[in-house]
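J.: I'd like to ask you about the structure that follows.
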Amino acid sequence: MLRKTGMRSTPTAIVLLLAACSLPAAVAAGAGVEPQAVSQPARQPLAPPGGVRAYDTGNDAGGSITIEWDRSPDDTGPRGRVTGYEVFRSESQNSGFESLMCLPSGTTACIDNSAVDGVEYYYRVRATSPDAPSVAVGAGPVKSSGQWFNRARLNLVVIAAILVFAIVYYIIQGAKGKDLYIRKISGLEAVDEAVGRATEMGRPVLFIPGIQDMDNVQTVAGMTILANIAKRTATYETALDVPVSRSIVMSTGRETVKQAYLEAGRPDLYSDDIVHYITDEQFGYVAAVDGIMVRQKPAACFYLGAFFAESLILAETGNSIGAIQVAGTAMPTQLPFFVAACDYTLIGEELFAASAYLSKDRMMMGSLKGQDAGKAVAMLFILAGVAVATLAAATGNETLAGLGEWLRQFFAIN
Amino acid sequence: MEDTPILASPLAQTISLWIAALLTLMIFSFLYKDNPAYKFAEHLFVGVSAAYWMTVGFWTTLIPNLMAKLFPSRMGTIFPVAVGNRAEYFYIVPLVFGILLLTRLYSRLAWLSRWAMAFIIGFAAGTNFTRYLQSDFVTQIHSTMIPLYEPTGNIMTAVGRIFSNLVVVIGVVCALIYFYFSKPHEGSFGKAARVGIWVLMAAFGASFGYTVMARVSLLTGRMSFLITWVQSIF
């Protein structure tokens with residue numbers, strides 16, 4: 001089994017590795033040491049590592065060279081003479097070798113992550129012991145380079161292609177006007193009810209898009225739902241308040257709400273103040289939103305996006321003012337709080353399905369159907385993998401075991 | 001005589017302790033009802049933190065990630081690490097996008113900001129696609145492909161393992177069925193979806209208890225601070 005060690009190590013690891021080197025002081029003293037110039041020990045010379053080879057590390061962005069070797073015959077375990085291996089590097093074949101790293105005994109590979117792409121390097125590896133190191137064995141020249149494609153992840157391309165095909169297929173079907181069925185999602189059915197209640201009570205609707213930026217898909221999903229809610233508040237002439245904790249979310253939110261008010265035919269009701277920035281600070285934002293809740297007393301509160309520790313504080317305050325609350329997030333640690341304190345909760349995938357569900361847009365529904373097709377494929381593979389693995393374990397059949405392993409590897413991240 | 005930094009002096013530490021304790025009490029006063037003390041603490045918190053994050057954003061993002069890349073030789077004492085580096089002119093692209101975002105301030109050019117926003121959202125969608133495909137989809141399938149039966153010497157171990165693996169497989173498949181939107185939750189499909197939501201609720205319950213314990217420890221920490229403050233008075 002290969003033990004790969006990169007240049008980056010924890011301080012503890014560095015201490016251990018330096019101890020593993022156990023070089024005589026003169027050799028360990030400084031750079032520019034020539035590994036072949038060490039004096040012969042009094043005992044039987046230490047056998048050097050064999051088969052030293054260096055090659056460009058594959059499937060990476062460059063700047064990395066892998067060095068491998070076979071153990072020294074004297075590396076016979078914890079009680080063997082070899083205490084470690086020392087790797088040297090030079091840009092010249094016969095001189096200028098500098099110590100690159102020290103590794104414990106038993107190691108047969110390491111990765112030099114400090115290589116510069118396009119530069120030729122020569123490496124030498126020697127076994128070390130408290131007495132004297134072995135002769136160094138060389139490899140090279142070798143150059144590092146980056147690869148455009150990570151071939152180890154071809155399986156991901158295939159899986160992504162299947163998913164994309166399914167999504168595109170159903171989007172086309174939706175665009176052609178095919179009737180696409182989506183089951184009832186009660187949390188989303190409540191959106192109309194909540195906005196209607198706020199309208200009847202003459203109180204505002206509060207929308208919280210989470211505390212993450214626009215590079216989080218949950219915030220993006222929250223924004224698409226905001227568009228639907230804003231269209232309803234514009235139609236019913238209900239006040240909408242969207243406090244945000246990120247400047248980019250504020251810009252996006254304003255565009256979203258403005259567009260929704262335009263589509264509802266009520267651009268006159270739109271104001272930039274509907275979406276307003278508070279602070280990036282998590283609990284500063286929560287303190288302000290809690291203040292808004294108890295002072296404005298919104299009749300409906302929507303929490304749709306990525307949430308962290310603030311979820312329960314917000315939902316409890318909303319509960320205390322008697323607002324109807326609809327929450328949705330894909331944060332597994334915060335979902336329990338929303339489930340406990342809100343009237344309706346969109347769990348994970350339901351949040352992403354919401355925009356298609358609310359808008360009834362055929363193309364978005366097609367996208368949702370495509371995702372469902374992906375889930376169906378996942379279930380089939382899981383059941384097939386479980387069946388094959390169980391049969392292989394029960395019968396000991398090698399072919400089935402091989403097939404099961406192939407299936408698992410197809411879904412492995414390399 | 002040795003100079004003591006003003007903020008490290010006993011008087012300054014006493015004042016900061018009092019400020020922290022009073023602000024904590026002001027925030028806690030919200031548990032009773034909204035009041036002027038809470039409003040003061042809230043506005044102070046929001047104002048200070050907004051200004052703080054703007055400054056942090058300027059010094060940790062704009063300076064090192066933009067200005068130091070475009071004008072490394074002019075960083076001088078502002079960001080000395082960059083001095084001597086070569087200018088990386090492709091950073092003009094994010095600079096242009098940043099300026100486009102600011103066009104919102106001028107209504108006639110505000111539409112230009114949509115380009116930057118479209119880029120941000122498109123980038124987020126694209127990069128997250130592969131990320132979530134790996135972490136939430138592929139890894140989940142890989143981890144669930146487990147044998148329901150594994151021959152072992154100990155009967156109790158075998159039974160325990162079968163039960164554990166069954167829970168994993170049934171839990172994952174039923175939860176997936178719950179999130180399948182293209183079919184009504186009726187009949188056996190509906191029953192499987194019901195099992196799925198039970199699995200989710202059981203997981204949420206465990207998570208709830210775990211997180212509440214963490215929150216209680218936070219409260220304990222704050223109470224401990226207040227006790228220290230009260231003790232310092234007497």
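The values are calculated or read from the model by the stated rules, or taken from the named source; none is laboratory data. Since we're looking at a predicted model, the values are computed, not measured. Quick reminder, even Gly has a Cβ in these numbers, built from the backbone with ideal geometry, and neighbours come from all protein chains shown.
J.: Does B:Leu66 fit the bill of being in contact (Cβ under 8 Å) with a residue 60 or more places away in the chain, assigned to a helix (DSSP H, G or I) and not assigned by TED's automatic domain parsing to the domain that holds B:Ile233? Even if it seems obvious, please write down each step before you answer.
T.: Details: in contact (Cβ under 8 Å) with a residue 60 or more places away in the chain: no; assigned to a helix (DSSP H, G or I): yes; not assigned by TED's automatic domain parsing to the domain that holds B:Ile233: yes.
Against the criterion (in contact (Cβ under 8 Å) with a residue 60 or more places away in the chain, assigned to a helix (DSSP H, G or I) and not assigned by TED's automatic domain parsing to the domain that holds B:Ile233), B:Leu66 does not qualify.
J.: Assess whether B:Met156 counts as being closer than 30 Å to B:Leu25 by Cα and either among the polar types (S, T, N, Q) or more than 10 Å from every other protein chain (Cβ to nearest Cβ) (or both).
T.: Details: closer than 30 Å to B:Leu25 by Cα: no; either among the polar types (S, T, N, Q) or more than 10 Å from every other protein chain (Cβ to nearest Cβ) (or both): yes.
For B:Met156, the condition - closer than 30 Å to B:Leu25 by Cα and either among the polar types (S, T, N, Q) or more than 10 Å from every other protein chain (Cβ to nearest Cβ) (or both) - is not met.
J.: Please specify each residue of the range B:185-217 satisfying the condition of being under 21 Å from A:Gly328 (Cα atoms) and not in a helix (DSSP H, G or I).
T.: If the condition is that a residue be under 21 Å from A:Gly328 (Cα atoms) and not in a helix (DSSP H, G or I), then B:His185 is the only one that fits.
J.: Follow-up question, since we're still on this one. Based on what the data block shows, is B:Val167 more than 8 Å from chain A (Cβ to nearest Cβ), among the β-branched types (Val, Ile, Thr) and buried (at least 16 other Cβ atoms within 10 Å of the Cβ)? Spell out the reasoning first.
T.: Details: more than 8 Å from chain A (Cβ to nearest Cβ): yes; among the β-branched types (Val, Ile, Thr): yes; buried (at least 16 other Cβ atoms within 10 Å of the Cβ): no.
The answer is no for B:Val167.
J.: Take A:Ala354 and tell me if it is crowded, with 18+ Cβ neighbours inside 10 Å, farther than 30 Å from B:Leu148 by Cα, assigned by TED's automatic domain parsing to the domain that holds A:Val220 and in contact with a Phe, Trp or Tyr (Cβ under 6 Å, 6 or more places away or on another chain). Break it down into steps so the answer makes sense when it comes.
T.: Working: crowded, with 18+ Cβ neighbours inside 10 Å: yes; farther than 30 Å from B:Leu148 by Cα: yes; assigned by TED's automatic domain parsing to the domain that holds A:Val220: yes; in contact with a Phe, Trp or Tyr (Cβ under 6 Å, 6 or more places away or on another chain): no.
So A:Ala354 does not fit the description; no.
J.: Testing B:Lys39 on (1) facing another protein chain (nearest Cβ under 8 Å); (2) in contact with a helix residue (DSSP H, G or I) (Cβ under 6 Å, 6 or more places away or on another chain); (3) modelled with pLDDT of 95 or more, one condition comes back false. Which one is that?
T.: Only one criterion in (1) facing another protein chain (nearest Cβ under 8 Å); (2) in contact with a helix residue (DSSP H, G or I) (Cβ under 6 Å, 6 or more places away or on another chain); (3) modelled with pLDDT of 95 or more is unmet by B:Lys39, namely (2).
J.: For residues in the range A:262-310 being closer than 22 Å to A:Met331 by Cα, part of a loop (DSSP other than H, G, I, E, B) and not polar (S, T, N, Q), which is farthest from the other protein chains (Cβ to nearest Cβ)?
T.: A:Phe307
J.: Would you point out which residue out of A:Thr238, A:Thr252, A:Thr233 is within 30 Å of B:Val48 (Cα to Cα), hydroxyl-bearing (Ser, Thr, Tyr) and surrounded by 22 or more Cβ atoms within 10 Å (Cβ to Cβ)?
T.: A:Thr252
J.: Moving to a separate point now. Consider A:Val242 against the criteria (1) closer than 26 Å to A:Gln334 by Cα; (2) of a type in the set (A, V, I, L, M); (3) away from every other protein chain (no Cβ under 14 Å); (4) assigned to a helix (DSSP H, G or I): it satisfies all of them except one. Which criterion is unmet?
T.: (4) is the only condition that A:Val242 fails.
J.: Exactly one of (1) out of contact with any strand residue (DSSP E or B) (no Cβ under 7 Å at 6 or more places or on another chain); (2) more than 23 Å from B:Ile146 (Cα to Cα); (3) surrounded by 20 or more Cβ atoms within 10 Å (Cβ to Cβ) is unmet by A:Ala378. Its number?
T.: It fails just one condition, (2).
J.: Oh, and also: Return the residue satisfying two criteria in turn: it lies in the range A:357-375 and is within 10 Å of chain B (Cβ to nearest Cβ) and hydrophobic (A, V, I, L, M, F, W, C), and of such residues it is farthest from A:Val164 (Cα to Cα).
T.: The residue in question is A:Met365.
J.: With respect to the numbered conditions (1) assigned to a helix (DSSP H, G or I); (2) surrounded by 14 or more Cβ atoms within 10 Å (Cβ to Cβ), which one is the sole condition not fulfilled by B:Thr220?
T.: Evaluating B:Thr220 over (1) assigned to a helix (DSSP H, G or I); (2) surrounded by 14 or more Cβ atoms within 10 Å (Cβ to Cβ) leaves (2) as the failure.
J.: Right, another one. For the range B:199-234, name all the residues that are touching a residue at least 24 places away in the same chain (Cβ under 8 Å) and either small (Gly, Ala, Ser) or under 30 Å from A:Asp372 (Cα atoms) (or both).
T.: Result: B:Val199, B:Leu200, B:Ser232.
J.: Of all the residues that make up the range B:135-151, how many are surrounded by fewer than 15 Cβ atoms within 10 Å (Cβ to Cβ), modelled with pLDDT under 90 and facing chain A (nearest Cβ under 7 Å)?
T.: Number satisfying all stated conditions: 1.
J.: With the checklist (1) out of contact with any Ser or Thr (no Cβ under 6 Å at 6 or more places or on another chain); (2) surrounded by 14 or more Cβ atoms within 10 Å (Cβ to Cβ) in hand, flag the one item B:Trp59 doesn't pass.
T.: Just one mismatch for B:Trp59, condition (2).
J.: Checking B:Thr14 against (1) hydroxyl-bearing (Ser, Thr, Tyr); (2) touching a residue at least 24 places away in the same chain (Cβ under 8 Å); (3) within 26 Å of A:Val294 (Cα to Cα), which single condition isn't satisfied?
T.: Evaluating B:Thr14 over (1) hydroxyl-bearing (Ser, Thr, Tyr); (2) touching a residue at least 24 places away in the same chain (Cβ under 8 Å); (3) within 26 Å of A:Val294 (Cα to Cα) leaves (3) as the failure.
J.: When you scan the range B:87-100, do you find a residue that is assigned to a helix (DSSP H, G or I) and at pLDDT below 85, even just one? Break it down into steps so the answer makes sense when it comes.
T.: Within the range B:87-100, the subset assigned to a helix (DSSP H, G or I) is B:89-100.
Add one more test, that the residue is at pLDDT below 85, and what stays is none.
So far as the range B:87-100 goes, no, none of its residues is assigned to a helix (DSSP H, G or I) and at pLDDT below 85.
For (1) outside the structural domain of A:Leu188 (by TED's automatic domain parsing); (2) of a type outside the set (Lys, Arg), each residue gets a yes or a no:
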position	(1), (2)
A:Ala341	no, yes
A:Glu349	no, yes
A:Lys375	yes, no
A:Ile382	yes, yes
A:Thr395	yes, yes
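J.: Can you pull out every residue in the range A:321-337 that is over 15 Å from A:Ala300 (Cβ atoms) and over 21 Å from the mean Cα position of the chain (by Cα)?
T.: Going through the range A:321-337, the residues over 15 Å from A:Ala300 (Cβ atoms) turn out to be A:329-337.
A:Pro336, A:Phe337 - these are the residues of the range A:321-337 that are over 15 Å from A:Ala300 (Cβ atoms) and over 21 Å from the mean Cα position of the chain (by Cα).
J.: Oh, and also: Any residue at all in the range A:248-256 that's of a type in the set (Val, Ile, Thr), away from chain B (no Cβ under 13 Å) and either closer than 19 Å to A:Ser311 by Cβ or in contact (Cβ under 8 Å) with a residue 12 or more places away in the chain (or both)?
T.: Pass one, the range A:248-256, residues of a type in the set (Val, Ile, Thr): A:248-249, A:252, A:256.
Within this subset, residues satisfying the condition of being away from chain B (no Cβ under 13 Å) are none.
No, there is no match, as no residue in the range A:248-256 is of a type in the set (Val, Ile, Thr), away from chain B (no Cβ under 13 Å) and either closer than 19 Å to A:Ser311 by Cβ or in contact (Cβ under 8 Å) with a residue 12 or more places away in the chain (or both).
J.: Name the single residue that is nearest to the chain's Cα centre (by Cα) among those in the range A:393-414 being within 7 Å of another protein chain (Cβ to nearest Cβ) and of a type in the set (A, V, I, L, M).
T.: A:Ile413
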